[in-house]
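A.B. asks: Structure provided below as structure tokens; questions to follow.
The values are calculated or read from the model by the stated rules, or taken from the named source; none is laboratory data. Just so you know, these numbers come straight off a predicted model, no measurement behind them. Using ideal geometry, Cβ is built from the backbone for each residue, glycine included, and neighbour counts are taken over all protein chains shown. Side chains included, ligands, DNA and RNA excluded: accessible areas come from the protein's heavy atoms. Shrake-Rupley method; radii C 1.70, N 1.55, O 1.52, S 1.80 Å.
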Amino acid sequence: MKKKSRSGKINKKAVILGIVLAVVIIGGSATAFLSMGQNNSNRSTQTSQLDEIVKKLTQPVLSNASALGSDAGQITLIEFGDYQCQECTKFHKDVNTGAIKFLFKDFVINDRPSDKASTLAARASYCAADQGKYWQYHDELYSNSQGENTGWISNESLKQFARNVKVPDLTKFSECLDSQKYNDVVMENVQLAQAIGLKSAPTFILVREGKEPLGIVGAQPFNVFQGAISQLEKS
């Protein structure tokens, strides 16, 4: 994945077949929160529920895995992805983010019971975050992607990736990975994705305060993201 600039915009077209722009997200729930309220008490409850979901969406998974992009950005782009997902890999190779904030949350969909490689990779990313290397490690995972369940993710390869991005204390990284320290964090991300009705990875959610969130399903071309951002920017 190309390094995400801290200035500029999503600025490079992703060459992906098909365009799907989900007008609203949350598996219909966001629409329900905003449109079902025929009485004020229901609307108040629904708005509170939506506010809580948006808070969870826009909060970094860990304090040392903070959002990329401009701190002044009014729009946050949240990707729910899987490190073995090839559509996710395409997005990270072809699209840069900048003036908007960008967060990544795990949506593990490619695990096999025998190795749970996607979960293992996600846990490793947070072990790297412990030493200030979250985004470098995140990029390294996608740069080395070799498809779904092809064996490229293992304890040995993940520790090599840590060496590649110069994680300072490799022993500490290895101990973190072996201890499954961040298994619950990964599962919380997955549960959030499921709770809001996501079905596939990557799925992107764009959030701006006071606006109805928008979702984009799949690693779509630049103009799809641009259109969604423009929609949120309208007063």
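A.B. asks: Hey, can you tell me all the residues within the stretch 105-116 that are free of Cβ contacts under 8 Å to residues at least 40 places away in the same chain and buried (at least 22 other Cβ atoms within 10 Å of the Cβ)?
C.D. replies: Within the stretch 105-116, none qualify.
A.B. asks: Can you tell which of 77, 57 is crowded, with 22+ Cβ neighbours inside 10 Å, aliphatic (A, V, I, L, M) and at pLDDT 90 or above? Break it down into steps so the answer makes sense when it comes.
C.D. replies: Details: 57 fails: crowded, with 22+ Cβ neighbours inside 10 Å.
One residue alone meets the criteria, 77.
A.B. asks: Please state which one of 119, 89 is of a type in the set (Val, Ile, Thr), out of contact with any Phe, Trp or Tyr (no Cβ under 6 Å at 6 or more places or on another chain) and open to solvent by less than 10 Å² (accessible area, probe 1.4 Å).
C.D. replies: Going through 119, 89 in turn, just one is of a type in the set (Val, Ile, Thr), out of contact with any Phe, Trp or Tyr (no Cβ under 6 Å at 6 or more places or on another chain) and open to solvent by less than 10 Å² (accessible area, probe 1.4 Å): 119.
Listed here are the residues, each with its yes/no results for (1) touching a helix residue (DSSP H, G or I) at 6+ places or on another chain (Cβ under 7 Å); (2) within 26 Å of residue 219 (Cα to Cα).
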{"site": "166", "(1), (2)": "no, no"}
{"site": "173", "(1), (2)": "yes, no"}
{"site": "179", "(1), (2)": "no, no"}
{"site": "187", "(1), (2)": "no, yes"}
{"site": "192", "(1), (2)": "yes, yes"}
{"site": "195", "(1), (2)": "no, yes"}
{"site": "202", "(1), (2)": "yes, yes"}
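A.B. asks: How many residues does the stretch 82-99 hold that are at pLDDT 85 or above and not in a helix (DSSP H, G or I)?
C.D. replies: Residues meeting the conditions: 4.
A.B. asks: Among the residues of the stretch 122-151, count how many are in a helix (DSSP H, G or I) and either open to solvent by 20 Å² or more (accessible area, probe 1.4 Å) or in contact with a strand residue (DSSP E or B) (Cβ under 6 Å, 6 or more places away or on another chain) (or both).
C.D. replies: 7
A.B. asks: All but one of (1) without any contact (Cβ under 8 Å) to a residue 40 or more places away in the chain; (2) under 25 Å from residue 77 (Cα atoms) hold for residue 208; state the number of the condition that does not hold.
C.D. replies: (1)
A.B. asks: Counting residues that are out of contact with any Lys or Arg (no Cβ under 9 Å at 6 or more places or on another chain), surrounded by 15 or more Cβ atoms within 10 Å (Cβ to Cβ) and at pLDDT 95 or above, which helices (runs of 4 or more DSSP H) fully inside the stretch 152-235 reach at least 3?
C.D. replies: Per the criteria, 155-164.
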